[in-house]
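Notes for the one structure printed next.
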Amino acid sequence: MKVKAACLVDYYSIEELVEALGNVGLPRPFFHIGGGSNILLMNDFPGTVLHSCIRFIDHTRLESGVSVRAGAGVPWDDFCLWCAERGLWGPENLSMIPGEVGAAAVQNIGAYGREVCEIISTVECFDTEQHTMVALRPEECAYGYRDSIFKNEGKGRYIVTAVSFNLREEYSPELGYGNVLEAVTRSCGQFAVHEHMLTPSQVRSVIVNIRSGKLPDPVKVGSAGSFFRNPVVPAEKYGQLARDFGETVPHYDLGGGKVKIPAAWLIDRCGWKGYRGANAGVWDSQPLVIVNATGNASPQEIKDLEDRIRASVLEKFGIELMPEVEHVS
Ligand SMILES: Cc1cc2nc3c(=O)[nH]c(=O)nc-3n(C[C@H](O)[C@H](O)[C@H](O)COP(=O)(O)OP(=O)(O)OC[C@H]3O[C@@H](n4cnc5c(N)ncnc54)[C@H](O)[C@@H]3O)c2cc1C
């Protein structure tokens, strides 16, 4: 089902953005959108949706590597491809994540052992409170797991206009996560792995293959990717789960008495994988993903399914799942 905004402004420069923000004729409130791949629009939006079409990629050679600067409106995967084609290491494991460069810095996107904050050097923003441009270093962006200042106290205040990344020409693949090394070895051969002969393009295409087999193609099936965050529970709670459900409960020890449990495992154990309702469902090969299976699901149908999944996980495991997807109403 389609929802509509009262007004949409595509802007092509910082000047056009500033002009839109000051335009009293535009309906309020403002909401800044990227590719729209991690939001659930609950209703028609009464205000103005802003969208960056600032699209450029340039680079500067530094002593420590290569600095690449990209406009917030560049599709994220175009940026990954651009870097891989030039032999630059850094974003290859984040290939094929939907969305745009600006939102990647907002969301602190992550996949296959890499988070974007590890390669960001500066986030350029328009500060709507001070009416000036600011350049924030990663330490100032309060990055955490899929989290940043832009999602918390800076939400609505900072509009990302460009992001700079510190990338490397010297060999630096990140193959330690899950089955990445195995998949790279299968695809590129043991010799290339042992002799450090892989290229960023090769790693990128392995990641693209892994993702294509696991996640719905956003062009064909609507989804917002992982709908829920992985819950972090006290170690005692994990101990109780391990006793109740066997030692096989997957987990990641965060230290300090905290343990992260994969939300996908909890949802799967509640029997949701592959579930199909009238229009909304759960992706067969990744239970973290709620899909608009027919393309006709209303926002409320998606929300109802979200609520049912959360209720069943709470009932079975005593764990409250929190959505990763932002609900906009
Ligand atoms: C199939 C699929 C797979 C996915 N896989 C992953 C994955 O592996 N890892 C991962 O981390 N995420 C993943 N996601 C989630 C999503 O791709 C990311 O969160 C992405 O960064 C969202 O980008 P977007 O441009 O679509 O942002 P939107 O969804 O449009 O917006 C996201 C947030 O950013 C804000 N925002 C957007 N642009 C700006 C700007 N210029 N300035 C300030 N705020 C802004 C919005 O207001 C909103 O709060 C996946 C999503 C899908 C659909």
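The values are calculated or read from the model by the stated rules, or taken from the named source; none is laboratory data. Remember, it's a predicted structure, so these values are computed and weren't measured experimentally. Counting neighbours? That spans all protein chains shown, and the Cβs are built from the backbone with ideal geometry, glycine included. These area figures cover heavy atoms from the full protein model, side chains too; ligands, DNA and RNA do not enter into them. Shrake-Rupley method; radii C 1.70, N 1.55, O 1.52, S 1.80 Å.
Between Arg211 and Val18, the C-beta separation translates, for a Förster distance of 30 Å, into a calculated FRET efficiency of about 0.20. In the chain, excluding the sites themselves, the longest stretch lacking any of the GluC sites (Glu not before Pro) that are in a DSSP loop with at most 13 other Cβ atoms within 10 Å is 248-319.
Comparing Pro287, Pro138, Pro29 in a Gaussian network model of the chain where C-alpha atoms under 10 Å apart are linked, the largest mean-square fluctuation is found at Pro29. Kindly report, to the nearest 10 Å², the accessible surface of Trp283 as traced by a 1.4 Å probe over protein heavy atoms only. Here the accessible area works out near 50 Å². Counting only protein heavy atoms and a 1.4 Å probe, tell me what percentage of the chain's accessible area is made up of carbon and sulfur. That fraction is 50 percent. The solvent-accessible area of Leu40, taken with every protein chain present and a 1.4 Å probe, is close to 20 Å². Largest accessible area first, the listed residues His59, His32 line up as His59, His32 when surface is computed with a 1.4 Å probe on the assembled protein chains. Taken about its Cα centre, region 245-329 carries a charge dipole of roughly 120 debye when the Cβ of each Lys and Arg holds +1 and the Cβ of each Asp and Glu holds -1. Taking all protein chains as shown and a probe of 1.4 angstrom, Thr122 keeps an accessible surface of around 40 Å². Between Ala6 and Arg61, the C-beta separation translates, for a Förster distance of 30 Å, into a calculated FRET efficiency of about 0.05. Across the protein chains, with a 1.4 Å probe defining accessible surface, the residues Arg69, Arg86 rank Arg86, Arg69 from largest area downward. Between the C-alpha center of region 1-55 and that of region 254-329 there is a gap of 28 Å. Build a GNM of the chain with springs between Cα atoms under 10 Å: which of Thr161, Thr48, Thr132 gets the top mean-square fluctuation? Sorting by GNM fluctuation, first place goes to Thr132. Using C-alpha pairs under 8 Å with a sequence gap of at least 6, the mean separation divided by the residue count of the chain gives a relative contact order of 17 percent. Cross-link reach is defined here as a Cα-Cα straight distance under 14 Å, omitting same-chain residues fewer than 8 places apart; for Lys214 the aspartates and glutamates meeting it are Asp284.
The tail of the calculated P(r) for region 74-141 beyond 21 Å holds 26 percent of all Cα-Cα pairs.
Placing pseudo-labels 7 Å out from each Cα toward the beta carbon at Lys316 and Asp44 gives an inter-label distance of 4.0 nm. Convert 37 °C to kelvin, take the viscosity as 0.692 mPa s, use the Kirkwood radius over C-alpha pairs of region 57-213 as Rh, and evaluate the Stokes-Einstein diffusion coefficient in µm²/s, rounded to a whole number. Rounded to a whole number, D works out at 204 µm²/s. Which entries of Lys2/Lys303; Lys155/Lys273; Lys155/Lys220 have Cα-Cα distances beyond 25 Å here? From the list (Lys2/Lys303; Lys155/Lys273; Lys155/Lys220), the Cα-Cα distance tops 25 Å for Lys155/Lys273; Lys155/Lys220.
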